[in-house]
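The values are calculated or read from the model by the stated rules, or taken from the named source; none is laboratory data. Quick caveat, the model's predicted, so the values are computed rather than measured. Methodologically, a virtual Cβ is constructed for each residue, glycine included, from the backbone with ideal geometry; neighbour enumeration extends over all protein chains shown.
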Amino acid sequence: YGLLAQLAGPGASRLFSTIAATLLGAAADQPGWELQSLAVGILLHLGISILAGLLYAASLERLDRRHTLLVSVFYGFTIWFVASFIVGAWFNDAILSFNRSWWGLLSHLSFGFFLGLYAIIMETTVS
């Protein structure tokens, strides 16, 4: 996600400082706060990702490999939809505009796709 933002989007540091602005407000964009904003943004994003990942892992326990990739892409879409339209009011305007763009949708679908590939590969190597 951060790599895609760095290569083709607003930049990873800008992405995470925008996430940090949800908690820090305008201070996240002030000079001298770059490292703090980056750390808060990464920690906030990872915390939410861990919670969502636990829900995802619980859903895969009963699936066969054939359906894992489909569910994983749908998981990426669900994260995008929830972040954009259900809890989006809790975010700042910069995150909403990013999430509600094609770039935001594509990054979440890509995340789900690669997460599904990883799950299939790990299941194959463990079995």
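I'd like the full set of residues that are in a helix (DSSP H, G or I), farther than 14 Å from residue 114 by Cβ and of a type outside the set (A, V, I, L, M), limited to segment 40-73. Within segment 40-73, 41, 45, 47, 59, 65, 66, 67 meet the criteria. Taking segment 53-75 on its own, how many of its residues are modelled with pLDDT of 80 or more and in contact with a Phe, Trp or Tyr (Cβ under 8 Å, 6 or more places away or on another chain)? Qualifying residue count for the region: 5.
Within segment 78-100, does at least one residue satisfy the condition of being touching a helix residue (DSSP H, G or I) at 6+ places or on another chain (Cβ under 9 Å) and over 22 Å from residue 17 (Cα atoms)? Within segment 78-100 (the criterion being touching a helix residue (DSSP H, G or I) at 6+ places or on another chain (Cβ under 9 Å) and over 22 Å from residue 17 (Cα atoms)), the answer is yes, since at least one residue qualifies.
Within segment 37-56, residues that are surrounded by 13 or more Cβ atoms within 10 Å (Cβ to Cβ) sit with their Cβ atoms under 6 Å from residues that are of a type in the set (Phe, Trp, Tyr) and in a helix (DSSP H, G or I), at 6+ positions apart or across chains, in these pairs: 38/16; 41/16; 42/16; 56/75.
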